[in-house]
Amino acid sequence: MIIKKATESDMPILLKFMMDLQRYEHMISNRVRADEKTKNMFKHFIRKRINNPNYVFLIAIENGKPAGIITGWKEDVSNAYKNKHIGYICQLIVNPLFQRRKIGKKLFDEISMEFKKMGLRELKIEVLFKNNKGIKFWQSCGFKNLYREMRKDI
């Protein structure tokens, strides 16, 4: 397996995995959109940021096939925190056909190294409350709860 930095030519791969994750999260919560507007937003997001050095787009390739992606960026946080800049991991998804091969962990390790090269020393993720599989994975990577976001319709 290899992990490579994505380029503009990899947009279809990134887009497919991002939408797969959106559809999965939409099944968990109806607050998450997974429609054409979402797809267009992702296209714009990728196009605008793929060459920005503060953003990381990685693809895992297994036997010549895309097996998963991880994306993230350097985020500025409030001066109220120990670290003014942190690495924010936005998306991690592994194709179900390639799961249970430590690909998610390898992608996480690789993005962690990329963030360290940027001088970052803290990482942040967000995971849906009902995504037990995701929560278990991130906890196995050493993440701990800091906040609980709550929402209510009005």
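FYI, it's all coordinate maths here, none of it is from the lab. Since we're looking at a predicted model, the values are computed, not measured. Cβ: placed from backbone, ideal geometry, glycine included. Neighbour counts: every protein chain shown.
Under the 0.36 nm per residue contour assumption, what length would be gained going from the current alpha-carbon distance of K136 and V32 to full extension?
35.4 nm
When a/c is below 1.5 the answer is rounded, else prolate if a/b is larger than b/c, else oblate, so apply that to segment 17-90 with a ≥ b ≥ c taken from the square roots of the Cα gyration tensor eigenvalues.
In terms of gyration-tensor shape, oblate.
Run lengths n ≥ 4 of DSSP H only: what is the helix-derived mean residue ellipticity at 222 nm for the chain, with -39500 (n - 2.57) per run over all residues, to the nearest 500?
After summing the helix terms and dividing by the residues of the chain, the value is -11500 deg cm²/dmol.
Ranking request for peptides 81-88, 24-31: highest mean number of other beta-carbon atoms within 10 Å first, then the rest in descending order.
81-88, 24-31
Taking only complete DSSP H runs, can you tell me which helices of the chain stretch 24 Å or more along their own long axis by Cα positions and average at least -1.0 on the Kyte-Doolittle scale?
Going by DSSP H runs, the hits are 11-28.
Only one of the listed values, (i) 17.2; (ii) 15.3; (iii) 16.4, was derived from the coordinates as Kirkwood radius over Cα pairs in Å; which label is it?
Checked against the structure: label (iii).
How high is the FRET efficiency from M118 to T7, r the C-beta distance, R0 22 Å, rounded to 0.05?
0.70
List the relative contact order of the chain as a percent without decimals, with contacts defined as Cα pairs under 8 Å and 6+ residues apart.
Relative contact order for the chain comes out at 21 percent.
Treating only the Cβ of Lys, Arg, Asp and Glu as charged (+1, +1, -1, -1), what charge dipole size does the chain show about its Cα centre? Round to the nearest 20 debye.
260
Cross-link candidates for K16: which lysines have Cα within less than 19 Å, leaving aside residues fewer than 8 places away along the same chain?
Straight-distance partners of K16: K4, K5, K37, K39, K43, K48, K65.
Please find the FRET efficiency linking K43 to S78, where r is the Cβ-Cβ separation and R0 is fixed at 30 Å, and quote it to the nearest 0.05.
Step by step, r from the Cβ atoms, then E = 0.45.
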